[in-house]
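In what follows, a single structure is set out as C-alpha coordinates and then discussed.
The values are calculated or read from the model by the stated rules, or taken from the named source; none is laboratory data. Treat the numbers as computed from the prediction; the structure is a model and nothing was measured. As a convention, Cβ positions derive from the backbone with ideal geometry for all residues, glycine included, and neighbour counts pool all protein chains shown. To get the accessible areas, we keep the full protein, side chains included, count just its heavy atoms, and leave off ligands, DNA and RNA. Shrake-Rupley method; radii C 1.70, N 1.55, O 1.52, S 1.80 Å.
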Amino acid sequence: MSGMRVPYTDFGKMHDPLRAELDAAWKRVMDREWFIGGEEDEAFEQAFAAYCGTKYCVGVGNGLDALRLILLAAKIGEGDEVLVPANTFIASVLAISYVGATPVLVDPDPETALITPAEAAKHITSRTKAIMVVHLYGRIAEMEGFEKLAGEHGLFLLEDAAQAHGAVRNGKKAGSFGGGAGFSFYPGKNLGAMGDAGAVVTDDPELARRVRMLGNYGSEKKYRHEAQGVNSRLDELQAALLRVKLPHLDAWTAERRRLAALYAGEIRNPRIRLLKKDPGNGYHIFPVLCDDRERLRTELAEEGIQTLIHYPIPIHLQEAYRELGYRQGDFPAAEMLAATELSLPLYPGMTEEQVLHVASVLNRH
(Lines give C-alpha, C1' and ligand atoms only; values in the text may rest on other atoms or scores of the structure.)
Protein backbone atom coordinates (compact mmCIF):
# COMPACT_ATOMS: atom_id res chain seq x y z
CA MET A 1 0.00 0.00 0.00
CA SER A 2 1.26 3.47 -0.90
CA GLY A 3 1.72 6.01 1.89
CA MET A 4 -0.04 8.68 -0.19
CA ARG A 5 -3.61 9.52 0.79
CA VAL A 6 -5.93 11.02 -1.80
CA PRO A 7 -9.32 12.15 -0.42
CA TYR A 8 -12.24 12.56 -2.78
CA THR A 9 -12.23 16.27 -1.94
CA ASP A 10 -10.52 18.61 0.52
CA PHE A 11 -12.43 21.74 1.49
CA GLY A 12 -9.46 23.09 3.39
CA LYS A 13 -7.53 23.59 0.14
CA MET A 14 -10.19 26.08 -0.95
CA HIS A 15 -11.18 27.59 2.38
CA ASP A 16 -7.87 28.06 4.19
CA PRO A 17 -6.55 30.80 1.84
CA LEU A 18 -9.91 32.60 2.21
CA ARG A 19 -10.26 32.17 5.98
CA ALA A 20 -9.86 35.85 6.85
CA GLU A 21 -12.41 36.91 4.21
CA LEU A 22 -14.86 34.21 5.26
CA ASP A 23 -14.51 35.18 8.92
CA ALA A 24 -15.08 38.85 7.99
CA ALA A 25 -18.23 37.88 6.04
CA TRP A 26 -19.57 35.97 9.04
CA LYS A 27 -18.85 38.94 11.33
CA ARG A 28 -20.49 41.36 8.89
CA VAL A 29 -23.75 39.40 8.99
CA MET A 30 -23.67 38.98 12.74
CA ASP A 31 -22.98 42.66 13.35
CA ARG A 32 -25.77 43.72 10.98
CA GLU A 33 -28.30 41.44 12.72
CA TRP A 34 -30.27 41.03 9.49
CA PHE A 35 -30.41 37.41 8.41
CA ILE A 36 -32.94 37.00 5.55
CA GLY A 37 -33.37 39.09 2.41
CA GLY A 38 -30.78 41.78 3.03
CA GLU A 39 -27.72 43.41 1.50
CA GLU A 40 -25.64 40.24 1.20
CA ASP A 41 -28.36 38.40 -0.71
CA GLU A 42 -28.94 41.31 -3.05
CA ALA A 43 -25.22 41.77 -3.73
CA PHE A 44 -24.67 38.06 -4.38
CA GLU A 45 -27.67 37.86 -6.71
CA GLN A 46 -26.31 40.74 -8.77
CA ALA A 47 -22.82 39.23 -8.88
CA PHE A 48 -23.98 35.72 -9.80
CA ALA A 49 -26.32 36.97 -12.53
CA ALA A 50 -23.42 38.93 -14.02
CA TYR A 51 -21.17 35.88 -13.75
CA CYS A 52 -23.68 33.65 -15.58
CA GLY A 53 -24.42 36.31 -18.20
CA THR A 54 -28.09 36.63 -17.23
CA LYS A 55 -30.18 39.62 -16.23
CA TYR A 56 -31.66 38.21 -13.03
CA CYS A 57 -30.76 35.92 -10.16
CA VAL A 58 -33.03 34.92 -7.27
CA GLY A 59 -31.49 33.20 -4.27
CA VAL A 60 -33.42 30.20 -2.90
CA GLY A 61 -32.99 27.57 -0.22
CA ASN A 62 -31.43 24.76 -2.31
CA GLY A 63 -31.07 23.35 -5.80
CA LEU A 64 -34.25 21.27 -5.70
CA ASP A 65 -36.27 24.34 -4.76
CA ALA A 66 -34.64 26.27 -7.61
CA LEU A 67 -35.96 23.76 -10.15
CA ARG A 68 -39.37 23.44 -8.51
CA LEU A 69 -39.85 27.22 -8.33
CA ILE A 70 -38.92 27.65 -12.00
CA LEU A 71 -41.55 25.07 -13.01
CA LEU A 72 -44.14 26.70 -10.76
CA ALA A 73 -43.29 30.15 -12.11
CA ALA A 74 -43.61 28.82 -15.67
CA LYS A 75 -47.08 27.52 -14.72
CA ILE A 76 -46.27 23.89 -15.43
CA GLY A 77 -48.36 21.44 -13.41
CA GLU A 78 -51.07 18.81 -13.41
CA GLY A 79 -51.49 17.06 -16.76
CA ASP A 80 -48.23 18.39 -18.17
CA GLU A 81 -45.22 16.28 -19.15
CA VAL A 82 -41.60 17.35 -18.66
CA LEU A 83 -38.74 15.59 -20.44
CA VAL A 84 -35.79 14.84 -18.14
CA PRO A 85 -32.70 12.58 -18.33
CA ALA A 86 -32.99 9.03 -17.00
CA ASN A 87 -29.51 9.30 -15.47
CA THR A 88 -29.80 12.36 -13.26
CA PHE A 89 -29.87 12.82 -9.49
CA ILE A 90 -33.39 12.32 -8.16
CA ALA A 91 -33.79 16.05 -7.30
CA SER A 92 -34.30 16.84 -11.00
CA VAL A 93 -37.27 14.48 -11.17
CA LEU A 94 -38.66 15.35 -7.74
CA ALA A 95 -39.00 18.97 -8.83
CA ILE A 96 -41.30 17.84 -11.66
CA SER A 97 -43.35 15.61 -9.37
CA TYR A 98 -43.72 18.33 -6.74
CA VAL A 99 -45.53 20.64 -9.19
CA GLY A 100 -47.92 17.84 -10.20
CA ALA A 101 -46.41 17.26 -13.65
CA THR A 102 -45.26 13.92 -15.06
CA PRO A 103 -41.56 13.22 -15.64
CA VAL A 104 -40.84 11.58 -19.00
CA LEU A 105 -37.40 9.99 -18.98
CA VAL A 106 -34.93 10.27 -21.85
CA ASP A 107 -31.91 7.98 -22.30
CA PRO A 108 -28.55 9.79 -22.56
CA ASP A 109 -25.80 9.49 -25.14
CA PRO A 110 -23.41 6.91 -23.61
CA GLU A 111 -20.40 8.85 -24.96
CA THR A 112 -21.30 12.07 -23.09
CA ALA A 113 -23.81 11.00 -20.39
CA LEU A 114 -26.04 13.86 -21.60
CA ILE A 115 -29.38 13.72 -23.38
CA THR A 116 -29.49 14.92 -26.99
CA PRO A 117 -32.13 16.92 -28.87
CA ALA A 118 -32.64 14.01 -31.28
CA GLU A 119 -33.42 11.54 -28.49
CA ALA A 120 -35.58 14.03 -26.60
CA ALA A 121 -37.63 14.73 -29.74
CA LYS A 122 -38.80 11.09 -29.78
CA HIS A 123 -40.62 11.61 -26.47
CA ILE A 124 -42.53 14.81 -27.27
CA THR A 125 -46.32 14.46 -27.11
CA SER A 126 -49.27 16.83 -27.05
CA ARG A 127 -48.88 16.97 -23.25
CA THR A 128 -45.19 17.92 -23.26
CA LYS A 129 -44.72 21.40 -21.85
CA ALA A 130 -41.03 21.58 -20.90
CA ILE A 131 -37.59 20.05 -21.32
CA MET A 132 -35.30 19.91 -18.30
CA VAL A 133 -31.74 19.55 -19.58
CA VAL A 134 -29.26 18.42 -16.92
CA HIS A 135 -25.62 19.51 -17.30
CA LEU A 136 -24.36 16.35 -15.64
CA TYR A 137 -20.84 16.18 -14.16
CA GLY A 138 -20.25 19.81 -15.24
CA ARG A 139 -20.74 19.15 -18.98
CA ILE A 140 -23.12 21.51 -20.83
CA ALA A 141 -25.57 19.72 -23.11
CA GLU A 142 -26.10 20.55 -26.79
CA MET A 143 -28.12 23.65 -25.94
CA GLU A 144 -28.37 25.14 -29.42
CA GLY A 145 -30.22 22.05 -30.57
CA PHE A 146 -32.45 22.13 -27.51
CA GLU A 147 -33.24 25.81 -28.07
CA LYS A 148 -34.32 24.95 -31.63
CA LEU A 149 -36.35 21.95 -30.49
CA ALA A 150 -38.10 23.92 -27.74
CA GLY A 151 -38.87 26.75 -30.13
CA GLU A 152 -40.37 24.44 -32.75
CA HIS A 153 -42.70 22.82 -30.21
CA GLY A 154 -43.43 25.81 -27.97
CA LEU A 155 -41.78 24.20 -24.95
CA PHE A 156 -40.24 25.81 -21.88
CA LEU A 157 -36.51 25.04 -21.73
CA LEU A 158 -35.08 24.61 -18.24
CA GLU A 159 -31.43 24.05 -17.33
CA ASP A 160 -30.53 21.97 -14.29
CA ALA A 161 -27.10 23.52 -13.77
CA ALA A 162 -26.59 22.17 -10.25
CA GLN A 163 -23.24 20.65 -11.26
CA ALA A 164 -22.18 23.15 -13.92
CA HIS A 165 -20.98 26.32 -12.20
CA GLY A 166 -18.34 27.84 -14.48
CA ALA A 167 -18.93 25.46 -17.38
CA VAL A 168 -18.92 27.07 -20.85
CA ARG A 169 -20.29 26.20 -24.29
CA ASN A 170 -19.52 28.39 -27.32
CA GLY A 171 -18.59 31.31 -25.10
CA LYS A 172 -21.75 31.15 -22.96
CA LYS A 173 -21.85 30.02 -19.37
CA ALA A 174 -24.18 27.39 -17.96
CA GLY A 175 -27.44 28.98 -16.95
CA SER A 176 -27.61 31.44 -19.84
CA PHE A 177 -29.31 29.25 -22.47
CA GLY A 178 -32.83 28.33 -21.40
CA GLY A 179 -35.83 30.19 -20.06
CA GLY A 180 -34.51 29.62 -16.55
CA ALA A 181 -31.75 27.69 -14.80
CA GLY A 182 -31.47 26.18 -11.34
CA PHE A 183 -28.19 26.07 -9.41
CA SER A 184 -27.31 24.27 -6.20
CA PHE A 185 -24.70 25.62 -3.79
CA TYR A 186 -24.55 22.44 -1.72
CA PRO A 187 -21.12 22.45 -0.01
CA GLY A 188 -19.60 19.91 -2.40
CA LYS A 189 -20.43 21.90 -5.55
CA ASN A 190 -17.80 23.83 -7.50
CA LEU A 191 -19.28 26.95 -5.91
CA GLY A 192 -20.44 25.68 -2.55
CA ALA A 193 -22.01 27.35 0.46
CA MET A 194 -21.51 26.10 4.02
CA GLY A 195 -24.99 24.67 4.19
CA ASP A 196 -27.87 24.30 1.76
CA ALA A 197 -28.39 27.11 -0.75
CA GLY A 198 -29.46 27.58 -4.36
CA ALA A 199 -30.37 30.12 -7.03
CA VAL A 200 -32.45 30.66 -10.14
CA VAL A 201 -31.02 32.68 -13.04
CA THR A 202 -33.01 33.95 -16.02
CA ASP A 203 -33.37 36.77 -18.53
CA ASP A 204 -37.15 36.83 -18.05
CA PRO A 205 -38.25 39.54 -15.60
CA GLU A 206 -41.68 37.98 -15.01
CA LEU A 207 -40.20 34.54 -14.32
CA ALA A 208 -37.75 36.13 -11.85
CA ARG A 209 -40.58 38.02 -10.16
CA ARG A 210 -42.73 34.92 -9.83
CA VAL A 211 -39.84 32.78 -8.51
CA ARG A 212 -39.12 35.38 -5.81
CA MET A 213 -42.80 35.77 -4.95
CA LEU A 214 -43.46 32.02 -4.83
CA GLY A 215 -40.35 31.40 -2.70
CA ASN A 216 -41.59 34.00 -0.20
CA TYR A 217 -44.92 32.35 0.71
CA GLY A 218 -46.48 33.65 -2.52
CA SER A 219 -46.03 37.22 -1.30
CA GLU A 220 -44.41 40.38 -2.62
CA LYS A 221 -45.92 42.62 0.03
CA LYS A 222 -46.06 41.47 3.63
CA TYR A 223 -49.30 39.67 4.54
CA ARG A 224 -50.61 39.92 0.97
CA HIS A 225 -50.37 36.59 -0.86
CA GLU A 226 -50.78 36.32 -4.62
CA ALA A 227 -50.34 32.54 -4.73
CA GLN A 228 -49.91 29.50 -2.50
CA GLY A 229 -46.14 29.75 -2.30
CA VAL A 230 -43.41 28.07 -0.27
CA ASN A 231 -40.63 29.20 2.04
CA SER A 232 -37.36 29.02 0.12
CA ARG A 233 -34.92 31.91 0.41
CA LEU A 234 -31.15 32.30 0.39
CA ASP A 235 -30.12 33.41 3.86
CA GLU A 236 -27.72 36.31 4.44
CA LEU A 237 -24.91 34.21 5.90
CA GLN A 238 -24.74 31.81 2.97
CA ALA A 239 -24.97 34.73 0.53
CA ALA A 240 -22.08 36.47 2.30
CA LEU A 241 -19.90 33.35 2.17
CA LEU A 242 -20.77 32.76 -1.49
CA ARG A 243 -19.80 36.36 -2.29
CA VAL A 244 -16.32 35.64 -0.94
CA LYS A 245 -15.94 32.46 -3.02
CA LEU A 246 -17.48 33.57 -6.34
CA PRO A 247 -14.48 35.67 -7.52
CA HIS A 248 -12.31 32.53 -7.23
CA LEU A 249 -14.62 30.24 -9.21
CA ASP A 250 -12.97 30.72 -12.61
CA ALA A 251 -9.50 30.04 -11.19
CA TRP A 252 -10.79 26.91 -9.44
CA THR A 253 -12.46 25.78 -12.68
CA ALA A 254 -9.24 26.29 -14.63
CA GLU A 255 -7.43 24.17 -12.05
CA ARG A 256 -10.04 21.43 -12.32
CA ARG A 257 -9.63 21.43 -16.11
CA ARG A 258 -5.83 21.21 -15.83
CA LEU A 259 -6.01 18.26 -13.44
CA ALA A 260 -8.68 16.56 -15.57
CA ALA A 261 -6.45 16.88 -18.65
CA LEU A 262 -3.63 15.28 -16.67
CA TYR A 263 -5.90 12.38 -15.72
CA ALA A 264 -7.02 11.95 -19.34
CA GLY A 265 -3.43 11.89 -20.58
CA GLU A 266 -2.21 9.44 -17.95
CA ILE A 267 -5.03 6.86 -17.82
CA ARG A 268 -4.04 4.21 -20.35
CA ASN A 269 -5.87 1.11 -19.16
CA PRO A 270 -8.03 -0.19 -22.05
CA ARG A 271 -10.57 -1.57 -19.56
CA ILE A 272 -11.25 1.92 -18.23
CA ARG A 273 -13.29 4.22 -20.46
CA LEU A 274 -13.52 8.00 -20.41
CA LEU A 275 -16.41 10.10 -21.65
CA LYS A 276 -16.01 12.19 -24.78
CA LYS A 277 -13.74 15.22 -24.34
CA ASP A 278 -15.44 18.52 -23.56
CA PRO A 279 -13.21 21.63 -23.40
CA GLY A 280 -15.87 23.72 -21.64
CA ASN A 281 -16.47 21.14 -18.90
CA GLY A 282 -16.54 22.58 -15.38
CA TYR A 283 -15.46 19.16 -14.02
CA HIS A 284 -17.65 18.98 -10.95
CA ILE A 285 -17.06 15.24 -11.32
CA PHE A 286 -14.35 13.31 -13.17
CA PRO A 287 -16.02 9.98 -14.04
CA VAL A 288 -14.44 6.85 -15.41
CA LEU A 289 -16.39 3.83 -16.63
CA CYS A 290 -15.33 0.30 -15.70
CA ASP A 291 -17.20 -3.00 -15.97
CA ASP A 292 -15.43 -4.27 -12.84
CA ARG A 293 -16.16 -1.19 -10.74
CA GLU A 294 -16.31 -2.73 -7.26
CA ARG A 295 -12.97 -4.45 -7.63
CA LEU A 296 -11.41 -1.26 -8.98
CA ARG A 297 -12.87 0.79 -6.13
CA THR A 298 -11.50 -1.66 -3.57
CA GLU A 299 -8.02 -1.55 -5.11
CA LEU A 300 -8.05 2.24 -5.11
CA ALA A 301 -9.16 2.29 -1.45
CA GLU A 302 -6.31 -0.06 -0.55
CA GLU A 303 -3.92 2.49 -2.07
CA GLY A 304 -5.40 5.33 -0.01
CA ILE A 305 -7.62 6.72 -2.79
CA GLN A 306 -11.21 7.68 -1.97
CA THR A 307 -13.84 7.47 -4.72
CA LEU A 308 -17.60 7.96 -5.05
CA ILE A 309 -20.29 6.59 -7.36
CA HIS A 310 -22.77 8.89 -9.20
CA TYR A 311 -25.46 7.36 -9.39
CA PRO A 312 -25.75 3.57 -8.88
CA ILE A 313 -29.53 3.26 -9.36
CA PRO A 314 -31.12 5.09 -12.32
CA ILE A 315 -34.39 6.95 -11.82
CA HIS A 316 -36.61 4.37 -13.54
CA LEU A 317 -35.41 1.60 -11.20
CA GLN A 318 -35.89 3.62 -8.00
CA GLU A 319 -38.68 2.46 -5.71
CA ALA A 320 -39.89 6.06 -5.49
CA TYR A 321 -40.67 6.08 -9.23
CA ARG A 322 -42.15 2.63 -9.72
CA GLU A 323 -45.39 4.47 -10.56
CA LEU A 324 -43.95 5.60 -13.91
CA GLY A 325 -44.15 2.01 -15.14
CA TYR A 326 -40.64 1.71 -16.56
CA ARG A 327 -38.69 -1.57 -16.46
CA GLN A 328 -35.12 -2.84 -16.51
CA GLY A 329 -33.80 -2.44 -20.06
CA ASP A 330 -35.92 0.59 -20.96
CA PHE A 331 -32.93 2.96 -20.74
CA PRO A 332 -29.79 0.99 -21.62
CA ALA A 333 -27.35 3.91 -21.59
CA ALA A 334 -28.56 5.12 -18.19
CA GLU A 335 -28.32 1.58 -16.84
CA MET A 336 -24.79 1.18 -18.24
CA LEU A 337 -23.66 4.43 -16.60
CA ALA A 338 -25.24 3.44 -13.30
CA ALA A 339 -23.41 0.09 -13.35
CA THR A 340 -19.97 1.32 -14.45
CA GLU A 341 -19.44 4.95 -13.34
CA LEU A 342 -16.76 5.71 -10.73
CA SER A 343 -15.92 9.27 -9.67
CA LEU A 344 -12.23 10.02 -9.11
CA PRO A 345 -10.84 12.64 -6.72
CA LEU A 346 -10.70 16.10 -8.30
CA TYR A 347 -10.58 19.39 -6.42
CA PRO A 348 -8.72 22.71 -6.33
CA GLY A 349 -5.49 22.21 -4.42
CA MET A 350 -5.08 18.58 -5.47
CA THR A 351 -1.48 18.00 -6.51
CA GLU A 352 -0.20 16.58 -9.78
CA GLU A 353 1.57 13.91 -7.73
CA GLN A 354 -1.80 12.79 -6.37
CA VAL A 355 -3.33 12.65 -9.86
CA LEU A 356 -0.39 10.60 -11.12
CA HIS A 357 -0.75 8.22 -8.17
CA VAL A 358 -4.44 7.65 -8.95
CA ALA A 359 -3.70 7.12 -12.64
CA SER A 360 -0.91 4.68 -11.81
CA VAL A 361 -3.24 2.54 -9.71
CA LEU A 362 -5.88 2.64 -12.44
CA ASN A 363 -3.37 1.50 -15.02
CA ARG A 364 -2.43 -1.50 -12.89
CA HIS A 365 -6.06 -2.64 -12.54
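A few remarks follow.
- Residue selection: residue 300 satisfies the criterion of being more than 21 Å from the chain's Cα centre (by Cα), surrounded by 19 or more Cβ atoms within 10 Å (Cβ to Cβ), of a type in the set (A, V, I, L, M) and within 23 Å of residue 113 (Cβ to Cβ).
- Applying the criterion of at least 1 residues that are closer than 21 Å to residue 276 by Cα to the strands (runs of 3 or more DSSP E) found wholly in segment 118-219 leaves 128-134, 156-160.
This table checks each residue for (1) surrounded by fewer than 16 Cβ atoms within 10 Å (Cβ to Cβ); (2) of a type outside the set (A, V, I, L, M); (3) free of Cβ contacts under 8 Å to residues at least 12 places away in the same chain; (4) in contact with a helix residue (DSSP H, G or I) (Cβ under 8 Å, 6 or more places away or on another chain).
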position: 318; (1), (2), (3), (4): yes, yes, no, yes
position: 340; (1), (2), (3), (4): no, yes, no, yes
position: 348; (1), (2), (3), (4): no, yes, no, yes
position: 351; (1), (2), (3), (4): yes, yes, yes, no
position: 354; (1), (2), (3), (4): no, yes, no, no
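- Residue 295 meets all of the listed conditions (1) outside any helix (DSSP H, G or I); (2) over 17 Å from residue 10 (Cβ atoms); (3) in contact (Cβ under 8 Å) with a residue 24 or more places away in the chain but one, namely (1).
- From the list 263, 217, the one residue that fits, being closer than 20 Å to residue 9 by Cα and among the hydroxyl-bearing types (Ser, Thr, Tyr), is 263.
- Residue within segment 124-131 that is more than 26 Å from residue 289 (Cβ to Cβ), free of Cβ contacts under 8 Å to residues at least 60 places away in the same chain, crowded, with 16+ Cβ neighbours inside 10 Å and among the small types (Gly, Ala, Ser) present: yes
- Residue check for residue 260: among the small types (Gly, Ala, Ser) and in a helix (DSSP H, G or I): yes
One line per residue, one yes/no per condition, for (1) over 25 Å from residue 213 (Cβ atoms); (2) open to solvent by 20 Å² or more (accessible area, probe 1.4 Å):
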residue: 7; (1), (2): yes, yes
residue: 22; (1), (2): yes, no
residue: 30; (1), (2): yes, yes
residue: 34; (1), (2): no, yes
residue: 54; (1), (2): no, no
residue: 60; (1), (2): no, no
residue: 75; (1), (2): no, yes
